[in-house]
Amino acid sequence: MTIVCALPGNEAMAQQLATILDAQLGHIESRRFPDGESYVRFEDGVDRRHVVLVCTLAHPDSQILRLLFAADAARDLGARSITLVAPYLAYMRQDKRFRVGEAVSSRSFARLLSGSFDRIITVSPHLHRYKALSDLYSVEAVALDAAPQLAAWLTGHVARPILVGPDSESEQWVGRVARLAGAPYVVGRKLRTGDRAVSVELPGLEGFAGRRPIIVDDVISSGATLAATADRLRAAGFSGIGCLAVHGLQNGRDTSKLLEKVDELVTSDSVPNGHGLIGLAPLIAEAFARSAAASPPV
Ligand code: R5P
């Protein structure tokens, strides 16, 4: 029997997964001691159970220890298998040493998670220089593709779009969504000079006047990339600018700033952010069921 447990903030996704999988919804008590250390306790028995821990990994540094403690506790308590469902997987963008002396944190993070879980399921991870999660994860790591969900939202809500990828990195996502939605797309050139300092050039927009521009990216962090792209589109005479992203990590302040530049912001529900109109639970539940049936851990 499978038991699905949410780490704090992931209750809605855990509830949906438990319902779709017809699994037990378990509960984890978690709090901070006065000195900031984490306390974790399973309120339900996990002995001989397949345990699914649900923890999206936006803002991972404040979450990772209690997640690892929960996984280790489940192991100690006799769990048959431990799966991490992380709809958003952190640290994938630091995928090389960009400057001398930098930590390649994607690898360190992958080692941490691979040491505690039997299986990891995530959605649209930022695979850019790595071609697959198996390049850095040593346990089964399932990367689901949210492009069909984004394309379905698009075809249901926007007539005559022109999709816009801010940079060449985004081409894999915007290209796939465009093909599935039967929409044209262009890709810009991005220059990043700081964490929040980005400029974007958008060639190739001629011929798309009258279409509704929808900027597509995998991750919104500060929102600077989308804001700079929106500035370019407006300067080129477009209006009704929409943004469609898989993972919206931005905080409330950055969301407000972005909404001054764009007319609509839609993401998946991989990170609770108030704009997660595209539900991922069915996709994740199906992948868990398929993966568990194909390779039941012993
Ligand atoms: C880049 O590698 C990603 O695909 C996103 O474009 C980037 O993370 C967005 O960051 P921000 O919202 O801070 O510009």
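Values in this text are rule-based calculations from the coordinates and carry no lab data. All of these numbers come straight from a predicted model, not from anything done at the bench. In this analysis, Cβ positions are derived from the backbone assuming ideal geometry, glycine residues included, and neighbour counts consider all displayed protein chains.
Numbers at a glance
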{"item": "Phi to ³J(HN,Hα) by Karplus 6.51 cos²θ - 1.76 cosθ + 1.60 over segment 7-20, Hz, x for Gly, Pro", "result": "7, x, x, 10, 5, 5, 5, 4, 4, 5, 5, 4, 5, 5"}
{"item": "Residue order, fewest to most surrounding Cβ atoms within 10 angstrom, among LEU226, LEU283", "result": "LEU283, LEU226"}
{"item": "Antiparallel DSSP beta bridges within the chain, percent to nearest 5", "result": "20"}
{"item": "Label zone at ALA209 (point 7 Å along Cα-to-Cβ), backbone N below 20 Å, segment 141-183", "result": "160-164"}
{"item": "Theoretical FRET efficiency, 1/(1+(r/R0)^6), r = Cβ-Cβ of ARG129 and ALA103, R0 25 Å, to 0.05", "result": "0.95"}
{"item": "Residue among LEU17, PRO60, GLY210 farthest towards the positive dipole end of the chain, charges placed on Cβ", "result": "GLY210"}
{"item": "Between helix 224-235 and the chain: long-axis angle, C-alpha atoms, 0 to 90°, nearest 10", "result": "20"}
{"item": "Long-range HN-HN contacts of LEU144 with modeled amide H, under 5 Å", "result": "THR122, VAL123, SER124"}
{"item": "SER138/ASP22 FRET efficiency (R0 22 Å; Cβ-Cβ; nearest 0.05)", "result": "0.10"}
{"item": "Summed side-chain charge close to VAL186 - residues other than VAL186 whose Cβ falls under 12 Å, Lys, Arg +1, Asp, Glu -1", "result": "-1"}
{"item": "Value of Rg/Rh across the chain [Cα atoms, Kirkwood radius]", "result": "0.99"}
{"item": "Angle between the chain longest axis and helix 64-76 axis [Cα atoms, degrees, rounded to 10]", "result": "30"}
{"item": "Radius 10 Å from Cβ of ALA151, net charge of other residues (Lys, Arg +1; Asp, Glu -1)", "result": "+2"}
{"item": "Theoretical FRET efficiency, 1/(1+(r/R0)^6), r = Cβ-Cβ of ALA289 and SER62, R0 22 Å, to 0.05", "result": "0.10"}
{"item": "From phi via Karplus (6.51, -1.76, 1.60), per-residue ³J(HN,Hα) for segment 132-139 in Hz, x at Gly/Pro", "result": "8, 4, 5, 5, 9, 9, 9, 10"}
{"item": "Crossing angle, helix 281-294 versus the chain [Cα axis fit, 0-90 degrees, rounded to tens]", "result": "50"}
{"item": "Full-stretch length increase - ARG75, GLU260 - with 0.36 nm per residue and alpha-carbon distance subtracted", "result": "61.9 nm"}
{"item": "Karplus (6.51, -1.76, 1.60) ³J(HN,Hα), θ = phi - 60°, over segment 92-109, in Hz, Gly and Pro reported as x", "result": "6, 7, 8, 9, 7, 7, 6, 10, 3, x, 6, 6, 8, 5, 4, 6, 4, 5"}
{"item": "Whole-angstrom gap from segment 153-215 to segment 46-119, using each part's C-alpha centre", "result": "32"}
